[in-house]
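The values are calculated or read from the model by the stated rules, or taken from the named source; none is laboratory data. Note that the structure is predicted; figures quoted are calculated from it, not measured. Please note: Cβ atoms are built from the backbone with ideal geometry, for glycine as well, and neighbour counts cover all protein chains shown. Each accessible area value is taken on the protein alone, full model and side chains, heavy atoms only, with ligands, DNA and RNA left out. Shrake-Rupley method; radii C 1.70, N 1.55, O 1.52, S 1.80 Å.
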Amino acid sequence: EQRAKVNTLAQELTSFYSDKNYPNVKFMPLWHGTKASIIESIFQTGYASLAVTDAGYYGRGIYGAHEAEYAERII
């Protein structure tokens, strides 16, 4: 039941950012705070490698924030 609620919320949040050619791809603009020392790595390999080294507050993953100030503050 909780997963269904989260899925519904995610569908609502992404509904404003869709591409008619790819309706199953969901977009949501978010900010990601990161240290300047690893930016080059992100540009070369993407975010995926960060999930291995950062357990995160809610578990392993890549997190984004709606507010740029918050993303910068959690670095």
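Here are the numbers:
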item	result
Residue check, ALA48 of a type in the set (A, V, I, L, M) and modelled with pLDDT of 85 or more	no
Output for segment 51-70, where each listed residue is closer than 23 Å to GLN11 by Cβ, at pLDDT 85 or above and open to solvent by less than 100 Å² (accessible area, probe 1.4 Å)	GLY64, ALA65
Among the candidates LEU30, LEU9, residue that is within 28 Å of ILE75 (Cβ to Cβ), modelled with pLDDT of 90 or more and in contact with a strand residue (DSSP E or B) (Cβ under 9 Å, 6 or more places away or on another chain)	LEU30
Of all residues making up segment 2-20, the number that are within 19 Å of HIS66 (Cβ to Cβ) and either assigned to a loop (DSSP other than H, G, I, E, B) or hydroxyl-bearing (Ser, Thr, Tyr) (or both)	6
Cβ-Cβ under 7 Å pairs, at least 6 apart or on other chains, segment 11-24 side without any contact (Cβ under 8 Å) to a residue 40 or more places away in the chain, far side open to solvent by less than 90 Å² (accessible area, probe 1.4 Å)	LEU13/MET28; THR14/MET28; TYR17/MET28; TYR17/PRO29; ASP19/VAL25
